[in-house]
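Inspection log for the structure reproduced underneath, given as structure tokens.
Bear in mind these aren't lab numbers, they're just calculated from the coordinates by the rules spelled out. As the structure is a prediction and not an experimental result, all values here were calculated from the model. With ideal geometry, Cβ positions are generated from the backbone for all residues, glycine too; neighbour counts draw on all protein chains shown.
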Amino acid sequence: MPLTYDTIGVDYANLRKPDPRIGALIEGALDDARTVLNVGAGAGSYEPAGKIVTALEPSTEMIRQRPASAALVIQGVAEDLPFDDKAFDAVMGVNTVHHWTDRAKGCAEMRRVATGRIVLLTFDPAHRGAWLIDYFPELAALDDAQMPQIADYAGWLGAVDIAPVPVPHDCTDGFLYAYWRRPQAYLDDKVRAAMSSFWAIGDAADKGLARLKADLDSGAWEKRYGALLDQDTCDVGYRLVTTG
């Protein structure tokens, strides 16, 4: 995760609260691991209770926002993990791989320090089901440019299981596509401020924001996407990657 999070991470902990339903999927994938390394740990989201967790995070701002009850945190990067070989039962990472400068090296480092599973929550850039990209095509282009293809993980980690992560309509974690049933949220500057993708596209978002507001005011959004309002969860492209 680049150190730009020292800027965009302000108030991140309040806007990116871990969703317990997604957390349960991650904890289930970690299985019976006792010691866990959380790479790109941010403000401490999804660090499992009942396990001995060590966090690794490059951003000073993100480290500052970690609660006192959070796991021990070490400042560092995925590509150069400051730990011995086989130091942890499992290694996890949540929405972090696309921020690394060398994904293959970071995955090799995770493999080096783990005796067991590696669990990654990531996004499939081939997924085009989210309505948000109809308003912000720049987001799709950004995903194509920065997100690893799902097939890449097998090349970096060996055999992996890939499972979709359904996002609840009231998801408490404000990642990019979390508000699929709450379109008004994207008009809030504070909500978008916790999304690195909106920072990345900058002023290019203005046209889409104006169109989204107009469609919400006129009812055009609901006419086009109203079927989503009856869904409790939606597959918007997030995937759980787990090694055997």
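Pairs are defined by a Cβ separation below 7 Å, a sequence spacing of at least 6 or placement on different chains, a first member in region 154-165 that is touching a residue at least 40 places away in the same chain (Cβ under 8 Å) and farther than 18 Å from Val236 by Cα, and a second member that is of a type in the set (Gly, Ala, Ser) and assigned to a loop (DSSP other than H, G, I, E, B); the pairs so defined are Ala159/Gly244. Condition check: in contact (Cβ under 8 Å) with a residue 24 or more places away in the chain and in contact with a Gly (Cβ under 9 Å, 6 or more places away or on another chain). Does Trp100 satisfy that? Against the criterion (in contact (Cβ under 8 Å) with a residue 24 or more places away in the chain and in contact with a Gly (Cβ under 9 Å, 6 or more places away or on another chain)), Trp100 qualifies.
Where residues in region 50-89 are without any contact (Cβ under 8 Å) to a residue 12 or more places away in the chain and among the small types (Gly, Ala, Ser), which of them is surrounded by the fewest Cβ atoms within 10 Å (Cβ to Cβ)? Checked region 50-89; the qualifying residue surrounded by the fewest Cβ atoms within 10 Å (Cβ to Cβ) is Ala68.
Among the residues of region 179-198, just one is of a type outside the set (Phe, Trp, Tyr) and in contact with a strand residue (DSSP E or B) (Cβ under 6 Å, 6 or more places away or on another chain), namely Ala194.
In this structure, does Arg224 turn out to be basic (Lys, Arg) and crowded, with 16+ Cβ neighbours inside 10 Å? The answer is no for Arg224.
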